[in-house]
Structures are given as C-alpha cells and as structure tokens.
Amino acid sequence: MMEYLDQFAAFLSVYPAKLPQWEGVLIRAIKTTLIVTAGSFAVALVIGVLLALARLSKNALLRGIARFYIEIARGVPALVILFLLYFGLPPLGIVMDAVPTAILGLGLSTGGYVAEIIRAGIEATHKGQREAGLTIGMSSWQINRYIILPQAARISLPSLMNTLITVLKDSSLASLITAPELMLRAKAISSTDFLPMHILLLVGAIYLCLAIPLSQLSRLLERRMFSKLGNRM
Amino acid sequence: MEQFGDLFTRSASHLEVLLQGAGVTVMITLGSFVMAVTIGLVLAVARTWKIRPLNALIAIYVEVFRGLPTLTLLFICYFGLTYVGIKLNPLPAAIIGLGLSGGAYCTEIFRSGISALHHGQREAAAAIGMTPMRAMRFVILPQALRITLPPLGNYAIGLIKDTAVASAVAAPEILFRARNLSTETFDTALIYLLVAVLYLVMTFPLARWVDHLEKKRKAWQ
C-alpha cells in the first residue's frame, strides 16, 4: 500500500516542476478549443434552423434537400468530413487554414443534429399557434420569427446544451488536422517531454472542467422547463 | 467518357483497400459495443441496489467518461498507459477506450429504461414472492430492454462513426487506410468521398431501423 502511495506521490511531483513550462501553451490551446467550439456551434445553429424550416416547408424539393443533408451529416463521422475539407479540397484549388476548416467541418456535421432538435421543438409547439398567427394577418415568416421559433428555441434548449458539450468534445478532432487546440498541444508536449500520462490526464481534466458545468446547466434547464411547461404542453 | 472510366477504375482499386479497413471498423464497433452494453447493464442494475458509496462511484464514472473526448481517452489507453508499463496494441486500445466511454452512455440509457417502468411492477413481483434478483431478471429487465432499443440503436450509430477516431492510434480501420492510400496516390478528394459513402452504407440501415422502432412506439402510445 505504502509503495503505491509513494508511486502516486512521485507521479504528482512532476506537475509542480512542469506546469509553469506548460501553462502558456495550454492557455493558448484552451482559447483555440473554445474558439473552435463556439464557432462550429454557431455555424451548426444557423444551418440547423434553416434545415429545420426547410424540412417542415410545403416545398417538396426543399424538404428533400434537407432530409438528404441531415441523413448524410448524421451518417458520416465528423472526422471524415474534416479530412475531406482539409485534405480533399486543396487539390481542387480551395485551401483553408486548420481552424476555419475545423469550424466549418464540425459545424456542417453538427448542423444535421441541431436541425432534428429544432424540428422536434417546432413540432412540439401547438398547431393552433400557427393558425392564430394567420388569422391576425401575420405572414408565414413573421409567424416563424415571432411565434414559433422563440418557443421552439426554449423547448430545444436542454438538447442544444447537450449538443454544445458534444461539440466541445469533438473539437479535439481538430487536432488531427493540426489545429493548435488542446489535444494537438497535448500530443506535442507528450512527445517532447515523454510524459504522455501526465499531460493527457491534465488535458482530460481541463475538458471535464469545461464540460461538467455545461452538463449541470443543461440538467437545471431541463428540470426548470419540465416544471414550467409541464401543464402547458 | 474516358474520364468516367478512369474514375471507375480508380474507385474500384481504392475500395479494395478501404474494404479491408471496413472489416477492422466492424470489429472495433462490435468489440466496444459488447463491452459498453455489459458495463452499462451491470452498472444500471447495481444502481438499483441503492448502496450510497457505490452509486456515488457510478455517478463519477458516468460523469467523467461522458465528459472526456473519445480522442483523449484513446490516447490515454494507447500512449498514457505505457507510463504504468501497459503497452496495448492499437486495436485493443481502441476497443477499450471506446468501450469505456460507451459504458457511461449505456449506463444512462439503461438507467432511464429501468426508471421508466412503473414502480408497481416491482411491487407486484415482490407481492407474488419473487426475490429482487428474480424480479429484475424476469419482470424489469425484459421490459426495460425493449424501451432502450431506440437509444441503444442511436448509440450504435454514433459508435460506428466514433471508430474513425481509432485511426489516430494507428488501428488499421477505414480512415487509417484512407490516409495511407491518399499519401500514396494523392487522390484525396475521391478517397475521402468513398470513405464517407462506406460509413453511410454502414450507418444507414441502423438509422432506418431506429426510425422504424420510434414510429412503432409513437403509434403505440
């Protein structure tokens, strides 16, 4: 038992020596991780809302395109989409940096999920609301903008928070196309300092510190929504 | 016309290599699926015993392994464990890493399946003299498993896609072969398009099955 405690103490004693050296790199890497996460979530939200509206539109062509997109985005790994954009486009003359590519690729891929979440939110609002909007002479765009989407957004909020956590975790894939975020730095540090376990556990802890508050917030929102909307739905 | 013929022969020769990778992808998927479902079932049932310290440990496991990126977990299994003298090959490392994170998801899936059942079921089983073990085995689990089929299906779809990450620890699955192939032939766009199609072929039937299950359940309610 004592022997293991000693080993554990030896393991931990590396951190005070190495942390000052890693700190600057890691903080910059966290910033990049957050930029990739926020950027691709924003792209996914825009795509998701547009696709959800397209899926529920009367136009069969729009519906078909949206279904096709969602099917592909949900069936192909995000990493494959990243590789396709980063390695597949340059031979065709389109060259992008790693970070914008990661934001675009993760956003395109997550957009399919967001579309389904928002669609479920729109379908959960009562049909009478749309009809009420029509009777007071609102256009269909106004109905979506002022009546349906604000409610749908509230209903989909907990699921969207979960998607945001997934995006945060998926941002680690950007390291594989050399975006300078947490995992790329972890890999670089582990090969220069030969301390893979130390840096990986540290980076894992950083991801947890970013993800756990989000998941607690999502749980809180879910509970609040059920107690508030419970009698209305 | 000639160009299209060329495209066809190129695709055929790429596919030959990629399909070998597909076998490995299926192996990783099956291996980690079995591991995740086993962990999930055991932990979800263990949670119903209501032993405080045990439940706290399970909650920590679920929270930690759901919060970690799969890539981080795979790197810990593949590069990190060498620190404690464990050297895993890429394939077992991928299966264990994906299985551990999947176990956390499956625990939650089974937990919600079990808690979706009316508590009267458990009481009825107790009233006719079943032990808690027998009630779990013959009354609760058969019903809970049926409820959990759609989310389990969704998890399996996600898992197939997540196996792509195993390419980063050099497991010779589809994406890993694609990377090698594209450095040999420089035919990147076509190769990655084929890869996307291969993943779609694997996930599409599962997605249709999940849709079917969900529609059936909606009609039932």
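The values are calculated or read from the model by the stated rules, or taken from the named source; none is laboratory data. Predicted model only: the values in this text are computed from it and were never measured. Quick reminder, even Gly has a Cβ in these numbers, built from the backbone with ideal geometry, and neighbours come from all protein chains shown. Keep in mind that these areas ignore ligands, DNA and RNA; they rest on the heavy atoms of the full protein, side chains included. Shrake-Rupley method; radii C 1.70, N 1.55, O 1.52, S 1.80 Å.
Just one residue in the set A:132, A:153 is touching a Gly at 6+ places or on another chain (Cβ under 8 Å), over 24 Å from residue B:167 (Cβ atoms) and away from chain B (no Cβ under 12 Å); that residue is A:153. The residue pairs whose first member lies in region A:196-212 and is more than 7 Å from chain B (Cβ to nearest Cβ), whose second member is assigned to a helix (DSSP H, G or I) and crowded, with 21+ Cβ neighbours inside 10 Å, and whose beta carbons are closer than 7 Å, counting only pairs six or more residues apart or on different chains, are A:199/A:186; A:199/A:189; A:206/A:182; A:210/A:168.
If you check A:185, A:145 for being under 30 Å from residue B:178 (Cβ atoms) and more than 9 Å from chain B (Cβ to nearest Cβ), only one passes: A:185. Of the residues making up region B:136-158, one or more are modelled with pLDDT of 90 or more, touching a Lys or Arg at 6+ places or on another chain (Cβ under 8 Å) and either within 14 Å of chain A (Cβ to nearest Cβ) or exposed (fewer than 14 other Cβ atoms within 10 Å of the Cβ) (or both). Among all residues of region B:190-213, there is none that is surrounded by fewer than 17 Cβ atoms within 10 Å (Cβ to Cβ), over 20 Å from residue A:74 (Cβ atoms) and not aliphatic (A, V, I, L, M).
Screening the candidates B:37, B:45 for the property of being surrounded by 15 or more Cβ atoms within 10 Å (Cβ to Cβ), modelled with pLDDT under 95, more than 10 Å from every other protein chain (Cβ to nearest Cβ) and in a helix (DSSP H, G or I) yields one hit, B:45.
Could you please find all residues in region B:39-54 being more than 19 Å from residue B:117 (Cβ to Cβ) and either among the basic types (Lys, Arg) or without any contact (Cβ under 8 Å) to a residue 24 or more places away in the chain (or both)? Listed by number, the residues that qualify are B:51, B:52, B:53, B:54.
Of all residues in region A:55-90, those satisfying the criterion of being facing another protein chain (nearest Cβ under 10 Å) and over 23 Å from residue B:205 (Cβ atoms) are A:82, A:83, A:85, A:86, A:87, A:88, A:89, A:90. Residues in region B:57-105 that are within 8 Å of chain A (Cβ to nearest Cβ), open to solvent by 50 Å² or more (accessible area, probe 1.4 Å) and more than 16 Å from the chain's Cα centre (by Cα): B:79, B:82, B:83, B:84.
Report yes if some residue within region A:64-86 is open to solvent by 70 Å² or more (accessible area, probe 1.4 Å), of a type in the set (Asp, Glu) and either within 28 Å of residue A:166 (Cβ to Cβ) or modelled with pLDDT under 90 (or both); otherwise report no.
The first filter runs over region A:64-86 and keeps only residues open to solvent by 70 Å² or more (accessible area, probe 1.4 Å), leaving A:65, A:67-68, A:74.
From what is left, the residues that are of a type in the set (Asp, Glu) are none.
No, region A:64-86 has no match at all.
Helices (runs of 4 or more DSSP H) fully within region A:141-233 that include at least 2 residues being open to solvent by less than 30 Å² (accessible area, probe 1.4 Å) and under 30 Å from residue A:123 (Cα atoms): A:149-170, A:196-229.
Entry remark, region B:166-183: residues being facing another protein chain (nearest Cβ under 8 Å) and of a type in the set (A, V, I, L, M) number 3 in total.
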